[in-house]
Amino acid sequence: MTKQEIDRRVQEARELHGRGFNCAQAVFGACAGLYGIEEERALKLSASFGGGMGSMREVCGCCSAMFMIEGLRSGSATAGDRVGKLHNYKRVQELAEQFKQQHGGSIICRELLANPANPSCTEKCANAVRIVLENEC
């Protein structure tokens, strides 16, 4: 994927968040088209992950969306595919680690929001899109 395409998707995530969609919707909505998922379906599918899982302030919606995108990219749809499952889990852990490095060592919404050194949620969305798209398997 080109830098220009990544930049376009990053901007799309910012715009979606700015229009009032939650973090998960902004990240997933900006990337789902790459995997043949229409925008409305993407926004509905990711709606429950905002606010750290239904506004419970648990796993950041940006991260949940990155993990969903990674599932589309490297997840297995074969029962008993242990190798595929482990590969996908490893990729998710790598994405989480990169997000942590950029956001004060956490992927937990309440911790991210409590850290004044962290960027805004809109910028977290942009960062998540960049992380997941720049780290294709």
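Brief remarks follow.
- Checking the stated criteria, Ser64 turns out not to satisfy the condition of being touching a helix residue (DSSP H, G or I) at 6+ places or on another chain (Cβ under 6 Å) and assigned to a loop (DSSP other than H, G, I, E, B).
- Pick from the range 53-91, criterion among the basic types (Lys, Arg) and in contact with a Lys or Arg (Cβ under 9 Å, 6 or more places away or on another chain), ranking: farthest from Val129 (Cα to Cα): Arg57
- Cβ-Cβ distances below 7 Å connect the following pairs, each with a first residue in the range 67-89 that is in contact (Cβ under 8 Å) with a residue 60 or more places away in the chain, a second residue that is part of a helix (DSSP H, G or I) and open to solvent by 40 Å² or more (accessible area, probe 1.4 Å), and a separation of six or more residues or different chains: Ser74/His87.
- Picking from residues in the range 58-97 that are under 19 Å from Asn127 (Cβ atoms) and of a type in the set (Lys, Arg), the one that is least open to solvent (accessible area, probe 1.4 Å) is Arg91.
- Filter result for Lys100 (in a helix (DSSP H, G or I) and either touching a residue at least 40 places away in the same chain (Cβ under 8 Å) or open to solvent by 90 Å² or more (accessible area, probe 1.4 Å) (or both)): no
- Neighbours by Cβ (under 7 Å, 6+ apart or cross-chain): first from the range 1-15, within 16 Å of Gly29 (Cβ to Cβ); second assigned to a helix (DSSP H, G or I) and open to solvent by 80 Å² or more (accessible area, probe 1.4 Å): Ile6/Glu134
- For the range 34-50, the set of residues classified as touching a helix residue (DSSP H, G or I) at 6+ places or on another chain (Cβ under 7 Å), among the small types (Gly, Ala, Ser) and surrounded by fewer than 19 Cβ atoms within 10 Å (Cβ to Cβ) consists of Ala47 only.
- Residue ID - nearest to Leu45 (Cα to Cα), chosen from residues in the range 76-92 that are under 15 Å from the mean Cα position of the chain (by Cα) and not polar (S, T, N, Q): Val92
- Note on the range 1-27: residues that are assigned to a helix (DSSP H, G or I) and either crowded, with 23+ Cβ neighbours inside 10 Å or among the charged types (D, E, K, R) (or both) total 16.
- One residue stands out among those in the range 103-137 that are surrounded by 17 or more Cβ atoms within 10 Å (Cβ to Cβ) and basic (Lys, Arg): the one that is nearest to Ala24 (Cα to Cα), which is Lys124.
The values are calculated or read from the model by the stated rules, or taken from the named source; none is laboratory data. None of the values given here were measured: they were computed from a predicted structure. Positions of Cβ are generated from backbone atoms using ideal geometry, with glycine treated the same way; all protein chains shown enter the neighbour counts. These area figures cover heavy atoms from the full protein model, side chains too; ligands, DNA and RNA do not enter into them. Shrake-Rupley method; radii C 1.70, N 1.55, O 1.52, S 1.80 Å.
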